[in-house]
1. Any idea how far apart VAL132 and GLN156 come out in nm if each label point goes 7 Å out from Cα toward Cβ?
2. Once phi is turned into ³J(HN,Hα) by the Karplus curve 6.51 cos²θ - 1.76 cosθ + 1.60 with θ = phi - 60°, what whole-Hz value does each residue of the stretch 50-66 show in order, with x for glycine and proline?
3. Each label point is 7 Å from the Cα along the Cα-to-Cβ direction; what then is the distance between the points at SER92 and ARG65, in nm?
4. Taking the number of other C-beta atoms within 10 Å as the exposure measure, put VAL120, VAL135 in order starting with the fewest.
5. Label-point separation (nm) for ALA165 and ALA101, each offset 7 Å from Cα along Cα-to-Cβ?
6. On a full-extension model of 0.36 nm per residue, what is the gain between ASP49 and PHE81, subtracting their alpha-carbon distance, rounded to one decimal in nm?
7. Starting at the first residue of the stretch 102-116, write each ³J(HN,Hα) from the Karplus equation 6.51 cos²θ - 1.76 cosθ + 1.60 with θ = phi - 60°, in whole Hz, x for Gly and Pro.
8. Taking H placed 1.01 Å from N in the peptide plane, check which residues at least 5 places from ILE158 or on another chain put their amide H under 5 Å from its amide H.
Amino acid sequence: MRSGDFAFQKAGSRGFALKVLLAVITGLVGAALLHLIIVLALPDFSERDAYTRVLAEGEIYRFYRLREKPDRAGLAKDDPFVDAAVCAFDISEGPVRLAAANGGVPFWSLGVYDQSSNEVFSINDRTSSGGVLDVVIASPMQLTALRKALPQAISQSILVEARAAEGYVVLRSLVPQPSFAGIVSQFLNQATCAPFEWRSRSRF
């Protein structure tokens, strides 16, 4: 092999090594920048998730009606033919009960979600007893205590187990025609989302 060929191959090897090194450095810098962007974006994202927005509506254990345009918390109903209300809850100290008389609404549905917006439970007037909303959300320990001595007040209630203490519910009702607006409005306005007082909370 001539010395010129050897030098050429040596230079080519160095060039290849430099390209590999440059690619590695570029990848590391790119990964670092991507990580930085994600970290900086996290606070903005966490402030805009559904649970945080429901909390921003006001105090917990209360239903808030959603309108067609986003409210101060950034929430709005997503269908002109469906009215909706949301309520945040915390069962760390005791169960929460959701109740509403049907009142003749054509259709209603309830979704229970945890802090991460994972659906824990859902029900509608077709699957509830007599088309009435009556749900008690409780932790596993609370449910065990309730079932051992089920209070008469919730003997017909649907008991739902929630492993996360905090969450929110979305109550929706169909408004197929303007004539149903009054009935649906009354249904949502009278719906309750409140702590279920039973025994001493310290026992939970």
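Since every read-out is calculated from the coordinates, none of them should be taken as a lab result. Note that this is a predicted model, so its numbers are computed, not measured. Reconstructed Cβ throughout: ideal geometry from the backbone, glycine too, with neighbour counts over all protein chains shown.
1. 0.3 nm
2. In residue order, the calculated couplings are 4, 4, 4, 5, 5, 4, 5, 5, x, 5, 6, 6, 7, 7, 10, 6, 9 Hz.
3. 3.2 nm
4. On the way: VAL120 16, VAL135 21.
Going from least to most buried by this count: VAL120, VAL135.
5. 3.6 nm
6. 9.1 nm
7. Per-residue couplings from phi come out as 4, x, x, 5, x, 6, 9, 9, 10, x, 10, 10, 8, 4, 8 Hz.
8. HN-HN under 5 Å from ILE158: ASP134, VAL135, VAL136.
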